[in-house]
Amino acid sequence: MSTAPNRTGAVADGGPGRAPARAARPAPTPARRALRRARTWLPGLLLVSPSILLIGVFVYGMIGWNTNLALSDKHAPIQEGEFVGLANFIALWQEARWPAAVGNAVVFTVVFVGGALFLGWLLGLLLDKGIRGEPVFRTLFLAPMAVSFIATGVVWRWLMNPAPAERATGLNALFVRFNLDFLVNDWWTAPDFGMAAMALPAIWQLAGYIMALFLAGFRGVPEELREAARVDGCSEWGVYRHVVMPQLRPVLLSAVIILGHMSLKVFDLIIAIAGQQIIADVPAVYMWAMVFEVRDPAKGATIASYLLFAVALFVIPYLVWTVRKERSEGR
Amino acid sequence: MRARRWSVAAGALGLVLVASGCGGGGGGGGDNAQVEVFSWWTGGGEEAGLNALIERFETDNPEIGFVNAAVAGGSGSNAQAVLEGRLQSQDPPDSFQGHAGAELQDYIEAGYLSPLDDFFTEQGLHEALPDQLVEQITYDGSVYSVPVNIHRSNVMWYNPSVLEEAGIDAPPETPEDLVAALETVAEETDAIPMAVGAQWTVDHLLESVLLGSLGTDAYNALWEPGADWDTPEVTEALTTFEQIMEHTQEESAAEDWQEAARRVADGEAAFNIMGDWAAGYFDELGAVAGEDYDWAASPGTEGTYMWLSDSFTLPVGAPNEEAALTWLELVGSQEGQDIFNPLKGSIPAREDADPANYADSPYLESALAEWQAGPQLAGSFWHGVTVGNRWKNDVDTAVGLYLGDGDLEALQDALVTAARAE
């Protein structure tokens with residue numbers, strides 16, 4: 001690492017044109033050499049140090065503070081809080097609400113990530129096949145990205161009204177209108193897999209973005225590769241299956257991470273559709289209730305730690321993978 | 001070039017400092033030339049009532065500027081989050097709104113509130129307010145807030161034509177009668193027997209059923225620390241609660257109290273148990289009392305007022321304490337309460353209000369008459385009178401889990417545990 005910047009530093013310092021003049025100079029003293037070397041890394045360090053400092057305090061410092069709080073028994077704002085180890089982390093699993101909230105988050109994540117990936121991939125594939133008016137469709141599918149989860153939630157709250165056929169509104173009314181009464185359902189208020197319905201608005205909102213990612217991926221595969229496969233007698237589906245898709249793994253991974261971390265932290269969509277109700281409880285809503293309503297800092301911090309941990313499960317493998325890949329490519 | 005860039009940076013920094021300086025010093029003063037009052041009254045009758053009070057305050061006290069620090073949203077929960085931050089950073093407003101009773105307990109224990117015993121004596125509030133009310137807002141021998149209004153939680157709203165269609169002559173008077181009436185409505189009409197809304201409205205229903213089934217004293221005793229919920233009487237009350245819940249509409253989780261109340265006024269539902277703020281909502285809908293809707297105390301609670309109350313406090317370290325006391329004087333006075341309450345759609349906490357001010361609303365007129373007749377008082381748990389936030393949240397969670405799995409035994413177990421934890 002240290003040699004490369006040094007070399008460029010020397011070049012910037014003397015300039016190639018003056019190299020002969022420098023050879024005539026006496027050898028630099030160690031102090032001078034250190035100073036010259038500092039010139040290569042010091043300005044860079046000074047430039048990034050404010051952000052290192054800010055991130056250090058406001059991200060990592062806060063994470064440390066939060067962890068400290070989660071390991072204490074500060075269950076009211078006025079308490080001092082003694083160290084209690086992992087007691088809070090264990091206690092959460094012994095109550096009824098937390099496992100239910102985790103279960104809801106898992107169902108939501110599976111349906112949301114799976115649904116958005118599949119729909120985004122499908123739309124990307126269709127657009128890649130050169131459909132007419134592609135720019136129009138592209139814009140149309142991307143448009144939901146511009147809407148906030150709150151607005152999406154309010155609209156889908158109306159659409160997904162769980163009223164039975166005789167009082168149906170929203171999508172249920174549409175089903176009744178077309179004599180599809182068997183489709184009338186409870187949506188997100190169904191006790192077991194209601195969260196699957198809760199994922200629909202999220203899929204609607206993010207599928208267009210995933211489509212854009214995949215479309216860029218598809219377009220990034222050189223035409224020559226496809227041609228070569230076709231010449232070898234590969235069917236059009238085979239071209240995608242064996243030539244294009246394997247090269248989309250990085251896109252897929254980014255998409256999973258973006259969707260996954262959004263899904264684990266979901267809060268606004270749930271609040272807009274269901275408000276604070278156990279039937280649609282997720283860890284982020286539970287955390288909010290603990291911090292701002294019950295005013296239990298330790299419990300709120302414990303839930304926050306679990307959330308951070310869950311997001312890290314998604315993000316850290318990605319970082320490891322990226323670093324490894326960059327190394328193997330000699331970057 | 002470089003010099004100019006630096007000056008731009010310095011200017012930007014200066015602006016940031018000025019902006020943050022303004023943000024931090026908003027409550028400033030300290031010379032009683034202003035009073036900052038914090039509330040979540042930002043819409044409808046609440047805002048109209050507050051504005052009328054402010055107008056009166058400014059007329060009476062031209063030397064004090066009024067700063068209305070209301071925070072909108074979430075029926076107070078957003079405001080409470082903001083308030084929590086201000087109290088913790090020792091930047092309290094001069095006075096803030098809070099539900100009277102145990103909801104203020106956390107603030108009192110944290111030492112955020114000044115006791116108002118001397119103020120109560122000076123203003124004669126001990127005489128003006130019902131004894132039982134003062135008793136129920138007293139914490140460790142002191143009072144910490146001035147109640148400005150009273151809402152009633154245990155009101156049963158019903159649609160007279162639906163009852164007539166079902167052949168029910170009079171609104172049910174006991175929880176058992178109510179269950180029977182709900183069955184009749186289900187058999188005889190297409191209407192929803194009992195309309196409820198999202199989870200919190202079920203909490204609200206539960207407290208009325210507990211009160212009606214157990215009686216006032218036993219209900220009040222339930223909320224004493226360490227109370228025993230593991231009794232056959234509670235089991236019986238919860239069984240009644242379950243029978244009532246069987247007659248609610250399937251889509252209730254997707255509705256709030258307004259939709260549930262509207263169903264009664266529109267004849268889509270027969271009954272709804274909701275606080276008396278529903279009366280103001282019925283007026284907004286243009287529904288006619290006695291025709292489109294009518295009311296009675298929720299079954300088994302006749303003669304008992306399950307109350308909740310908005311009140312104002314004096315935080316420790318209020319920058320303008322004198323001015324804050326002037327504000328509290330107005331909200332505690334007969335005049336102030338008679339200005340505020342007809343607009344807000346509630347009745348005064350004081351017993352000496354002038355009924356003439358409430359004659360426009362048939363509901364308020366009858367409610368005030370009942371209040372002044374000296375009913376028994378029970379505190380609403382859901383609206384923060386009898387329990388602090390933790391216990392309230394535990395009950396809410398237990399009810400939410402019950403709505404999901406319908407396990408009544410687990411509900412009672414969770415309620416028993418919640419009471420023991422206190």
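This table checks each residue for (1) more than 14 Å from chain A (Cβ to nearest Cβ); (2) surrounded by fewer than 23 Cβ atoms within 10 Å (Cβ to Cβ).
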{"residue": "B:Glu236", "(1), (2)": "yes, yes"}
{"residue": "B:Glu242", "(1), (2)": "yes, yes"}
{"residue": "B:Trp257", "(1), (2)": "no, yes"}
{"residue": "B:Ile273", "(1), (2)": "yes, no"}
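I'm trying to understand the selection: among the residues of segment A:236-276, which are of a type in the set (Ser, Thr, Tyr) and more than 22 Å from the chain's Cα centre (by Cα)?
A:Tyr240
One residue is enough: does segment B:123-137 have a residue meeting the conditions touching a Pro at 6+ places or on another chain (Cβ under 8 Å) and within 30 Å of A:Phe292 (Cβ to Cβ)?
Within segment B:123-137, one or more residues are touching a Pro at 6+ places or on another chain (Cβ under 8 Å) and within 30 Å of A:Phe292 (Cβ to Cβ).
Quick one: which of B:Val288, B:Val264 is under 22 Å from the mean Cα position of the chain (by Cα) and β-branched (Val, Ile, Thr)? Show your work before the answer.
Numbers: B:Val288 fails: under 22 Å from the mean Cα position of the chain (by Cα).
Every option except B:Val264 fails the conditions.
Examine segment A:127-149 for a residue that is farther than 14 Å from A:Ile273 by Cα and within 14 Å of another protein chain (Cβ to nearest Cβ), and state whether such a residue exists.
Looking through segment A:127-149, none of the residues is farther than 14 Å from A:Ile273 by Cα and within 14 Å of another protein chain (Cβ to nearest Cβ).
Only one residue in A:Phe89, A:Phe58 is without any contact (Cβ under 8 Å) to a residue 12 or more places away in the chain, more than 14 Å from chain B (Cβ to nearest Cβ), under 28 Å from A:Ile270 (Cβ atoms) and under 26 Å from the mean Cα position of the chain (by Cα). Which one?
Details: A:Phe89 fails: without any contact (Cβ under 8 Å) to a residue 12 or more places away in the chain.
Of A:Phe89, A:Phe58, the one residue that is without any contact (Cβ under 8 Å) to a residue 12 or more places away in the chain, more than 14 Å from chain B (Cβ to nearest Cβ), under 28 Å from A:Ile270 (Cβ atoms) and under 26 Å from the mean Cα position of the chain (by Cα) is A:Phe58.
I'd like the residue in segment B:111-126 that is farther than 17 Å from B:Asp94 by Cβ and surrounded by 17 or more Cβ atoms within 10 Å (Cβ to Cβ) and, out of all such residues, is farthest from the other protein chains (Cβ to nearest Cβ).
Result: B:Gln123.
State yes or no: is A:Ala196 in contact (Cβ under 8 Å) with a residue 60 or more places away in the chain and more than 11 Å from chain B (Cβ to nearest Cβ)? Spell out how you get there, then give the answer.
On the way: in contact (Cβ under 8 Å) with a residue 60 or more places away in the chain: yes; more than 11 Å from chain B (Cβ to nearest Cβ): yes.
Yes.
Please go through (1) more than 14 Å from every other protein chain (Cβ to nearest Cβ); (2) in contact (Cβ under 8 Å) with a residue 60 or more places away in the chain; (3) of a type outside the set (Gly, Ala, Ser); (4) outside any strand (DSSP E or B) for B:Glu224 and return the number of the only condition it doesn't satisfy.
Of the numbered conditions (1) more than 14 Å from every other protein chain (Cβ to nearest Cβ); (2) in contact (Cβ under 8 Å) with a residue 60 or more places away in the chain; (3) of a type outside the set (Gly, Ala, Ser); (4) outside any strand (DSSP E or B), the odd one out for B:Glu224 is (2).
Of all residues being assigned to a loop (DSSP other than H, G, I, E, B) and small (Gly, Ala, Ser) in segment B:62-77, which is nearest to A:Gly275 (Cα to Cα)? Just the residue, please.
B:Gly73
Within segment B:180-198, how many residues turn out to be under 20 Å from A:Arg167 (Cβ atoms) and within 30 Å of the chain's Cα centre (by Cα)?
Total satisfying the criteria: 9.
Take the conditions β-branched (Val, Ile, Thr) and part of a helix (DSSP H, G or I) and apply them to B:Thr59. Does it pass? Walk me through it before giving the result.
Working: β-branched (Val, Ile, Thr): yes; part of a helix (DSSP H, G or I): yes.
Answer is yes for this residue.
I'm trying to understand the selection: among the residues of segment B:251-263, which are assigned to a helix (DSSP H, G or I) and touching a helix residue (DSSP H, G or I) at 6+ places or on another chain (Cβ under 8 Å)? Lay out the reasoning, then the answer.
Restricting attention to segment B:251-263, the residues satisfying the condition of being assigned to a helix (DSSP H, G or I) are B:251-254, B:257-263.
B:Glu251, B:Ser252, B:Ala253, B:Ala254, B:Trp257, B:Gln258, B:Ala260, B:Ala261, B:Arg262 - these are the residues of segment B:251-263 that are assigned to a helix (DSSP H, G or I) and touching a helix residue (DSSP H, G or I) at 6+ places or on another chain (Cβ under 8 Å).
If you check B:Glu47 against the conditions, is it free of Cβ contacts under 8 Å to residues at least 24 places away in the same chain, closer than 17 Å to B:Asn149 by Cα and either in the same structural domain as B:Gly280 (by TED's automatic domain parsing) or in a helix (DSSP H, G or I) (or both)? Give the derivation first.
Details: free of Cβ contacts under 8 Å to residues at least 24 places away in the same chain: yes; closer than 17 Å to B:Asn149 by Cα: yes; either in the same structural domain as B:Gly280 (by TED's automatic domain parsing) or in a helix (DSSP H, G or I) (or both): yes.
For B:Glu47, the condition - free of Cβ contacts under 8 Å to residues at least 24 places away in the same chain, closer than 17 Å to B:Asn149 by Cα and either in the same structural domain as B:Gly280 (by TED's automatic domain parsing) or in a helix (DSSP H, G or I) (or both) - is met.
Within segment B:387-401, identify whether any single residue is within 14 Å of chain A (Cβ to nearest Cβ), farther than 25 Å from B:Gln243 by Cβ and among the aliphatic types (A, V, I, L, M), and answer yes or no. Don't jump to the end; show me each part of the working.
Keep residues of segment B:387-401 that are within 14 Å of chain A (Cβ to nearest Cβ), which gives B:387-401.
Remaining after also requiring farther than 25 Å from B:Gln243 by Cβ: B:387-391, B:393.
Remaining after also requiring among the aliphatic types (A, V, I, L, M): B:387.
Within segment B:387-401, one or more residues are within 14 Å of chain A (Cβ to nearest Cβ), farther than 25 Å from B:Gln243 by Cβ and among the aliphatic types (A, V, I, L, M).
Condition (residue is over 20 Å from the mean Cα position of the chain (by Cα), more than 14 Å from chain B (Cβ to nearest Cβ) and either over 14 Å from A:Gly300 (Cα atoms) or among the β-branched types (Val, Ile, Thr) (or both)) applied to segment A:110-124: is it met by at least one residue? Write out each step before concluding.
Quick first cut of segment A:110-124, residues over 20 Å from the mean Cα position of the chain (by Cα) only: A:122-123.
Filter again for more than 14 Å from chain B (Cβ to nearest Cβ), leaving A:122-123.
Among the residues that remain, those that are also either over 14 Å from A:Gly300 (Cα atoms) or among the β-branched types (Val, Ile, Thr) (or both) are: A:122-123.
Yes: segment A:110-124 contains one or more residues that are over 20 Å from the mean Cα position of the chain (by Cα), more than 14 Å from chain B (Cβ to nearest Cβ) and either over 14 Å from A:Gly300 (Cα atoms) or among the β-branched types (Val, Ile, Thr) (or both).
Looking at segment B:413-420, is at least one residue of a type outside the set (A, V, I, L, M, F, W, C), within 14 Å of chain A (Cβ to nearest Cβ) and more than 24 Å from the chain's Cα centre (by Cα)? Please lay out each step first, then the result.
First, pick out the residues of segment B:413-420 that are of a type outside the set (A, V, I, L, M, F, W, C): B:413, B:417, B:420.
So of that shortlist, the ones also within 14 Å of chain A (Cβ to nearest Cβ) come out as B:413, B:417.
Going one step further and asking which of them are more than 24 Å from the chain's Cα centre (by Cα), we end up with B:413, B:417.
Scanning segment B:413-420 turns up at least one residue that is of a type outside the set (A, V, I, L, M, F, W, C), within 14 Å of chain A (Cβ to nearest Cβ) and more than 24 Å from the chain's Cα centre (by Cα).
Restricted to segment B:56-74, and to residues that are of a type in the set (Gly, Ala, Ser) and either more than 14 Å from chain A (Cβ to nearest Cβ) or surrounded by 15 or more Cβ atoms within 10 Å (Cβ to Cβ) (or both), which residue is farthest from B:Phe340 (Cα to Cα)? Write out each step before concluding.
Here is the first cut: in segment B:56-74, the residues of a type in the set (Gly, Ala, Ser) are B:65, B:69-70, B:72-74.
So of that shortlist, the ones also either more than 14 Å from chain A (Cβ to nearest Cβ) or surrounded by 15 or more Cβ atoms within 10 Å (Cβ to Cβ) (or both) come out as B:65, B:69-70, B:72, B:74.
Values: B:Gly65: 19, B:Ala69: 18, B:Ala70: 16, B:Ala72: 19, B:Gly74: 22 Å.
Going through the qualifying residues, I end up with B:Gly74.
Looking at B:Val331, B:Val416 in this structure, which one is touching a strand residue (DSSP E or B) at 6+ places or on another chain (Cβ under 6 Å) and β-branched (Val, Ile, Thr)? So that I can check it myself, show each step before the final result.
On the way: B:Val416 fails: touching a strand residue (DSSP E or B) at 6+ places or on another chain (Cβ under 6 Å).
That would be B:Val331, the only listed residue that is touching a strand residue (DSSP E or B) at 6+ places or on another chain (Cβ under 6 Å) and β-branched (Val, Ile, Thr).
The values are calculated or read from the model by the stated rules, or taken from the named source; none is laboratory data. Keep in mind that this is a model prediction, so the values were computed, not measured. Please note: Cβ atoms are built from the backbone with ideal geometry, for glycine as well, and neighbour counts cover all protein chains shown.
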